[in-house]
Amino acid sequence: MQIPVWLQTTGLLILSNIFMTFAWYGHLKNLNSKPWWIAALVSWGIALFEYLLQVPANRIGHGEFSLAQLKILQEVITLSVFIPFAMLYMNQPFKLDYLWAALCMMGAVWFIFRS
C-alpha cells in the first residue's frame, strides 16, 4: 500500500519542523549559560536532521504541490509546531495573537490552494 504524497509530504514536514524549532529556539532554554558558538554548533547538529527530512519532503511534494503551496504548507506546519513548543516546552503563556496568526494563515492556505 502506497502512502499518499500529501501525507508523506506533511508528515516529513512536521518532523522536520520539530527539529527546526528545537534548533532555532531550544538553546534559549537549555544552553543559555553557554557561549553562543556552542549553542550554534548544537543547533547546526539538530538542523542537519531537519534538512534530512525537509529536502525529501519538498522533493516528494513537488510532484503534487506547486512551489507556493509547499511554502504555505511549511508555514502552517511551522506555526502549528511552534505554538505547542512555546507553551509546553518554553513555558510561554497562550496569547490570542496565536489564534489571529492562525486565522491569517488559514486565509493564506485558502488563497494558495483555491485553484
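The values are calculated or read from the model by the stated rules, or taken from the named source; none is laboratory data. Predicted model, so just to flag it, every value in this text is computed and none were measured. Here the Cβ is made from the backbone with ideal geometry for all residues, glycine too, and neighbour counts use every protein chain on show.
Listed values, structure above:
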quantity: The stretch 79-98 - residue that is exposed (fewer than 11 other Cβ atoms within 10 Å of the Cβ) and of a type in the set (A, V, I, L, M, F, W, C) and, of those, farthest from His27 (Cα to Cα); calculated: Leu96
quantity: Any pair with Cβ under 9 angstrom, 6 or more apart, that starts in the stretch 26-49 at a residue that is in contact (Cβ under 8 Å) with a residue 40 or more places away in the chain and surrounded by 12 or more Cβ atoms within 10 Å (Cβ to Cβ) and ends at one that is in a loop (DSSP other than H, G, I, E, B) and not hydroxyl-bearing (Ser, Thr, Tyr); calculated: Gly26/Met90
quantity: Flag if Phe94 is assigned to a loop (DSSP other than H, G, I, E, B), farther than 14 Å from Met20 by Cα and hydrophobic (A, V, I, L, M, F, W, C); calculated: yes
quantity: Residues satisfying the stated conditions in the stretch 97-115, i.e. of a type in the set (D, E, K, R) and assigned to a helix (DSSP H, G or I); calculated: Asp97
quantity: Residues (under 25 Å from Asn91 (Cβ atoms) and without any contact (Cβ under 8 Å) to a residue 40 or more places away in the chain) located in the stretch 1-21; calculated: Leu15, Phe19
quantity: Single unsatisfied condition, Arg59 versus (1) under 19 Å from Gly11 (Cβ atoms); (2) touching a residue at least 40 places away in the same chain (Cβ under 8 Å); (3) over 16 Å from the mean Cα position of the chain (by Cα); (4) not in a loop (DSSP other than H, G, I, E, B); calculated: (2)
quantity: Residues of the stretch 1-37 that turn out to be part of a loop (DSSP other than H, G, I, E, B) and β-branched (Val, Ile, Thr), as a count; calculated: 1
quantity: Scan of the stretch 62-108 for residues that are closer than 16 Å to Thr9 by Cα and among the hydrophobic types (A, V, I, L, M, F, W, C), ordered by number; calculated: Phe65, Leu67, Ala68, Leu70, Ile72, Leu73, Val76, Ile77, Val81
quantity: Single match in Leu67, Leu73, Leu52, Leu7 (criterion: at pLDDT 95 or above, crowded, with 17+ Cβ neighbours inside 10 Å and closer than 30 Å to Phe111 by Cα); calculated: Leu73
